[in-house]
Amino acid sequence: MRAVEALQNVAPELAHPRLSASILFTDDAEVRTLNAEWRGKDKPTNVLSFPMLERGELLALAPDGPPELLGDIALALETCQREAADKGISLEHHAAHLIVHGLLHLAGHDHETSAQDARAMEELEIKALALIGIADPYGDHS
């Protein structure tokens, strides 16, 4: 996937050859269930990330050894379709952004910890998406 390759250029820790991640494309009902069970929020959301490694473990991962699961990502189709339509962008571009966003969460980035962390994560997303010709999804960065 082009989005993953682009992200690996701006977040090289995600280019580790031992890493894999699963992506579940599902409906709002399933994401709502996952969100309620794991986050205590009884509503659908666009993307959920379930990391399997701490950031320190990811950064210290040896080059040799068995495969390592970085984590799981779940995307909710109806929410993604609605958001893409509201933004006037293609579902493909919005899904690429959400996959990049989810993978950054799996790598230990968190936009909810501080404004500085949010800005740093957004910058990585913007750079990765620009590499594949997708405009700044936040629309307010230069």
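Looking at Val31, Val100, Val4, which is the one that is modelled with pLDDT under 95, part of a helix (DSSP H, G or I) and out of contact with any Lys or Arg (no Cβ under 7 Å at 6 or more places or on another chain)? I'd like the intermediate steps shown before the answer.
Numbers: Val31 fails: modelled with pLDDT under 95; Val100 fails: modelled with pLDDT under 95.
Sole residue among the options that is modelled with pLDDT under 95, part of a helix (DSSP H, G or I) and out of contact with any Lys or Arg (no Cβ under 7 Å at 6 or more places or on another chain): Val4.
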inquiry  = Quick check on segment 76-83. Is at least one of its residues open to solvent by 80 Å² or more (accessible area, probe 1.4 Å), under 20 Å from Ala95 (Cα atoms), in a loop (DSSP other than H, G, I, E, B) and not aromatic (Phe, Trp, Tyr)?
reply    = no
ask   = Which one of Leu98, Leu61 is touching a strand residue (DSSP E or B) at 6+ places or on another chain (Cβ under 9 Å), open to solvent by less than 50 Å² (accessible area, probe 1.4 Å) and either among the charged types (D, E, K, R) or farther than 20 Å from Thr26 by Cα (or both)?
value = Leu61
remark   = The correct count of residues that are part of a helix (DSSP H, G or I) and either of a type outside the set (Asp, Glu) or under 18 Å from Ala84 (Cβ atoms) (or both) in segment 107-142 is 14
query = Is one or more of the residues making up segment 46-58 of a type in the set (A, V, I, L, M, F, W, C), open to solvent by 40 Å² or more (accessible area, probe 1.4 Å) and at pLDDT 95 or above?
reply = yes
remark   = Expected output for segment 15-30 (first residue in contact (Cβ under 8 Å) with a residue 40 or more places away in the chain and within 18 Å of Lys43 (Cβ to Cβ), partner in a helix (DSSP H, G or I) and open to solvent by 60 Å² or more (accessible area, probe 1.4 Å), Cβ below 6 Å, 6+ apart or cross-chain) is Asp27/Leu77; Asp28/Glu78
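The values are calculated or read from the model by the stated rules, or taken from the named source; none is laboratory data. Owing to the predicted nature of the structure, the values given are computational and were not obtained by experimental measurement. Cβ atoms come from the backbone with ideal geometry, glycine included; neighbour counts cover every protein chain shown. Accessible surface areas use protein heavy atoms only, side chains included; no ligands, DNA or RNA. Shrake-Rupley method; radii C 1.70, N 1.55, O 1.52, S 1.80 Å.
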